[in-house]
Amino acid sequence: MYKKADRAQLSIEEFYLPFGGQLNADNRWVKLARLMPWDLVEDI
C-alpha cells in the first residue's frame, strides 16, 4: 500500500547539492517541475 509522504518538501532555493552550488531557478527542468501538478500526480 502506498502512503503519502509529508508535503513539506524543500524549495529549489533550499535544496542542498553535495558538490556545492545551487540549482539555477532559470533551468528548464526546474521551471517544468514548478508547472507539474505534483499533488494530482501523487493522488493518481
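Kindly list, by first and then second residue, each pair from a residue in region 25-44 that is within 16 Å of residue 10 (Cβ to Cβ) to a residue that is not in a helix (DSSP H, G or I), limited to pairs with Cβ atoms under 7 Å and residues at least 6 apart or on different chains.
Matching pairs, first to second residue: 25/12; 30/12; 30/23; 30/24.
How many residues, within region 3-39, are assigned to a helix (DSSP H, G or I) and open to solvent by 100 Å² or more (accessible area, probe 1.4 Å)? Talk me through it step by step, then tell me what you get.
To start, the set of residues in region 3-39 that are assigned to a helix (DSSP H, G or I) comprises 28-35, 38-39.
Next, from what is left, pick out any that are open to solvent by 100 Å² or more (accessible area, probe 1.4 Å): 28-29, 31, 34-35, 38.
Number satisfying all stated conditions: 6.
The values are calculated or read from the model by the stated rules, or taken from the named source; none is laboratory data. Because the structure is a prediction, the values reported are computed rather than measured. Counting neighbours? That spans all protein chains shown, and the Cβs are built from the backbone with ideal geometry, glycine included. In case anyone asks, the SASA skips ligands and DNA or RNA and just uses the protein heavy atoms, side chains included. Shrake-Rupley method; radii C 1.70, N 1.55, O 1.52, S 1.80 Å.
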